[in-house]
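Okay, structure first, notes after.
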Amino acid sequence: MKKSMLALIGLSLGMSLAQAQDTKVAIGMSGWTGFAPLTLAKEAGLFKKHGLDVDIKKIPQKDRHLAIASGDIQCAATTVETWVVWNANGIPTTQIFQLDKSYGADGMVVKPTIAKISDLKGKTVAASAPGTAPYFTLAWMLKKNGLSVKDVKVVNLEPQAAANAMIAGTSGIDAAMTYEPYLGAVREKPEAGKIIATTLDYPMIMDTFGCSPKFLAENPKAAKALADGYFDAVEMIKKDPKKSFEIMGADVKQTGEKFEASQKYLRWQDRAANQKFFAGEHAEFSKEAAGLLLEAGIIRAIPDLSKLADTRFIQ
């Protein structure tokens, strides 16, 4: 009896010690479909398996860097060019793995009278505020067609409101920047406007995961565990899609079926895709994005681009 009690106490202590060793990390993100494997990794116990105690906090994109600066969170998920903005604004952050690439999930909707993007010169475009992904998408698409944001009048509307303005035929708005699921609502009403370009035409919306340099320096094993947990989640989606879609959908109040439909316009990036991306594409894109951000007046100076990523954790 005593031996059994001692064994139970020993087991309990062992479990307690194991739990105590779990590294706590708070992540800032939104309910965007591309970030969902992080939720899956938490809810399916994949982060826990790698010794992490993860707390996911839903924080708007415009506030995530402030949460990192305050220490409220240690890591975050956002678009690649946003890390350039954060570092340029004095919030040091380092990307450690790629989450997803948009394949048609973000786009530009125009009135039927607009034949091509260059026709938007002097026209009015609805888009989110500077520093957001929709505004950057607008600046990128305009530049690729010989224009800049200075050649159009930008009315600040969030993606859902921008799509609704097009569907309603709002007078004075010639184009709008939006993304799924609101882009899909426009697809269903072709009379309201046409989708003239998406990230299939301009592959420039990519999401990555990063942390403060302080956290990475003090917790390299935890950083590796975050990457491994994410890659495990991507594998789980491949092996058990039904269960995965249900878990990820529940987080954004969607059924598994609806969530499955929402993810068809993006691609989550596995370990091999990450290694390929950070071998060259990431640096090239960051350089081009930084130049555009500077030109558009979103940043005042280009930060040290060599410090934007640390690829140790995707090997």
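Readers should treat all values here as calculations from the given coordinates under stated rules, not as data from a laboratory. On a predicted model such as this, the values are computed, not experimentally measured, just so you know. Cβ sites come from the backbone with ideal geometry, for glycine too, and all protein chains shown count toward neighbours.
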Item checked: Per-residue ³J(HN,Hα) for the range 80-93, Karplus 6.51 cos²θ - 1.76 cosθ + 1.60, θ = phi - 60°, Hz, x for Gly and Pro -> 4, 5, 5, 5, 5, 5, 4, 5, 5, 8, x, 10, x, 8
Item checked: Antiparallel DSSP beta bridges within the chain, as percent of all bridges there, nearest 5 -> 60 percent
Check: For the charge dipole of the range 106-198, defined by +1 on Lys and Arg C-beta atoms and -1 on Asp and Glu C-beta atoms about the Cα centroid, which residue among Ala127, Leu147, Met108 has the Cα displaced farthest towards the positive pole?
Finding: Leu147
Notebook entry, point to check: Counting Lys +1, Arg +1, Asp -1, Glu -1, what net charge surrounds Ile73 among other residues with beta carbon under 9 Å of its beta carbon?
Noted result: 0
Notebook entry, point to check: For helix 282-295, what angle does its Cα long axis make with the longest principal axis of the chain, in degrees from 0 to 90 and rounded to 10?
Noted result: 50 degrees
Check: Excluding same-chain residues fewer than 8 positions from Lys111, which lysines have a Cα within less than 17 Å of its Cα?
Finding: Lys121, Lys123, Lys153, Lys189, Lys194
Margin query: Give me, ordered by chain and number, the residues 5 or more places off Ala44 or on other chains with an amide H under 5 Å from its own placed amide H.
Written below: none
Next item on the list: Tell me which residues come under 5 Å, amide H to amide H, from Ile73 once H is placed; ignore anything under 5 positions away on its chain.
Entry: Ile68
Next item on the list: Report the local net charge at Leu38: Lys and Arg +1, Asp and Glu -1, summed over other residues whose C-beta lies under 13 Å from its C-beta.
Entry: -4
Checklist line | Note, ³J(HN,Hα) from phi for the range 207-215, Karplus 6.51, -1.76, 1.60, rounded to Hz, x at Gly and Pro | finding: 10, 10, 10, x, 9, 6, x, 4, 5
Next item on the list: Mind jotting down the distance between the C-alpha centroids of the range 14-83 and the range 284-315, whole Å?
Entry: 23 Å
Note to self: Could you give each residue of the range 28-40 its phi-based ³J(HN,Hα) in whole Hz, using Karplus coefficients 6.51, -1.76, 1.60 with θ = phi - 60°, and x for Gly or Pro?
What the structure shows: x, 7, 10, x, 3, 3, x, 8, 4, x, 5, 5, 4
Note to self: What three numbers, in Å, describe the spread of the alpha carbons of the range 136-292 along their principal axes, ordered from the longest?
What the structure shows: 54, 40, 25
Margin query: Step by step: find N for the range 106-198, compute 2.2 N^0.38 Å, then divide the Cα radius of gyration by it. What's the final number?
Written below: 0.92
Item checked: Candidate aspartates and glutamates for bridging to Lys58, where Cα separation is under 17 Å - those fewer than 8 sequence places away on the same chain excluded -> Glu43, Asp72, Asp207, Asp251
Note to self: Which lysines, if any, have their Cα less than 21 Å from the Cα of Lys221, not counting same-chain residues under 8 positions apart?
What the structure shows: Lys24, Lys42, Lys48, Lys49, Lys307
Check: In the neighborhood of Trp140, defined by Cβ-to-Cβ distances under 13 Å, what is the net charge if each Lys or Arg adds +1 and each Asp or Glu adds -1?
Finding: -3
Margin query: I'd like to know which of Val84, Gly229, Met29 lies farthest towards the positive end of the charge dipole of the chain, counting +1 on Cβ of Lys and Arg and -1 on Cβ of Asp and Glu.
Written below: Gly229
Notebook entry, point to check: Where both residues lie in the range 106-198, what percent of DSSP beta bridges are antiparallel, nearest 5?
Noted result: 60 percent
